1. Return the only residue of F60, F30, F67 being at pLDDT below 95, hydrophobic (A, V, I, L, M, F, W, C) and within 11 Å of the ligand (Cβ to nearest atom).
2. Just give me the residues in the range 68-95 being assigned to a strand (DSSP E or B), surrounded by 13 or more Cβ atoms within 10 Å (Cβ to Cβ) and in contact (Cβ under 8 Å) with a residue 24 or more places away in the chain, in sequence order.
3. Is there any pair linking a residue in the range 23-52 that is open to solvent by 50 Å² or more (accessible area, probe 1.4 Å) to one that is within 7 Å of the ligand (Cβ to nearest atom) and not in a helix (DSSP H, G or I), with Cβ under 8 Å and at least six apart or on different chains, and which?
4. Given the options D81, D116, name the one that is closer than 21 Å to E24 by Cα and either within 15 Å of the chain's Cα centre (by Cα) or at pLDDT below 95 (or both).
5. So G12 fits all but one of (1) more than 12 Å from the ligand (Cβ to nearest atom); (2) open to solvent by 30 Å² or more (accessible area, probe 1.4 Å); (3) at pLDDT below 70; what number is the exception?
6. Select from the range 96-118 the residues that are in a strand (DSSP E or B) and open to solvent by less than 30 Å² (accessible area, probe 1.4 Å) and list them in ascending order.
7. Taking the conditions exactly as written (near the ligand (Cβ under 9 Å from one of its atoms) and under 12 Å from the mean Cα position of the chain (by Cα)), does H130 satisfy them or not?
8. For residues in the range 119-140 being more than 30 Å from D27 (Cβ to Cβ) and assigned to a strand (DSSP E or B), which is least open to solvent (accessible area, probe 1.4 Å)?
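The values are calculated or read from the model by the stated rules, or taken from the named source; none is laboratory data. This structure is a prediction, so every number in the text was calculated from the model and none was measured. Backbone-built Cβ (ideal geometry, glycine too); neighbour counts: all protein chains shown. SASA here: full protein model, heavy atoms, side chains in, ligands and nucleic acids out. Shrake-Rupley method; radii C 1.70, N 1.55, O 1.52, S 1.80 Å.
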Amino acid sequence: HKYACRLQWTLGAGEQRQLRGGHEGLDIDFATRKIASHLHQTKVIVQNGDKFETKTLSTFRNYEVNFTIGEEFEEQTKGLDNRKVKTLVVWDGDKLVCVQKGEKDNRGWKHWIEGDMLHLEITVLDKVCHQVFKKASEIR
Ligand code: YOG
């Protein structure tokens, strides 16, 4: 994983599964859930060795978070559920695994790549949201 690259991925509205359950798990209000479940998102991931810059872009809201593998940091989920969590991202084989310690138990996400697809599994409590993004571009 020692390389620098920028990957951009797009998610179609039909490709997010069980998202509503996750939104409820995070106490997102009905109106926001309604909007969020129909969003097309773009995921931009810039990797430089152990350092990652991630952007989740949509017409409704954007979310950016940067992290270094193995270094716990305080994450403010601004514009999402607006909570403060202690976040740690590590590699588990070829999966990027994130644990977000805070008010909500069993919270985190996993990223992995299968061919031209970027998978994202977001978990909170007993809810799991699986999103599949298609590769849009690659700039090295
Ligand atoms: O991604 O943590 O990729 O590195 C998931 C939405 C919806 C706002 C966002 C805006 C969680 C209302 C994933 C969606 C639901 C719903 C576009 C962000 C919460 C609120 C931003 C994320 C990781 C992994 C960052």
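1. F60
2. Residues satisfying the conditions are E75, V89.
3. Matching pairs, first to second residue: D27/D81; I35/F60; H40/S58.
4. Every option except D81 fails the conditions.
5. The failed condition is (2).
6. L96, V97, C98, Q100, G108, H111, L118
7. For H130, the condition - near the ligand (Cβ under 9 Å from one of its atoms) and under 12 Å from the mean Cα position of the chain (by Cα) - is not met.
8. Checked the range 119-140; the qualifying residue least open to solvent (accessible area, probe 1.4 Å) is S137.
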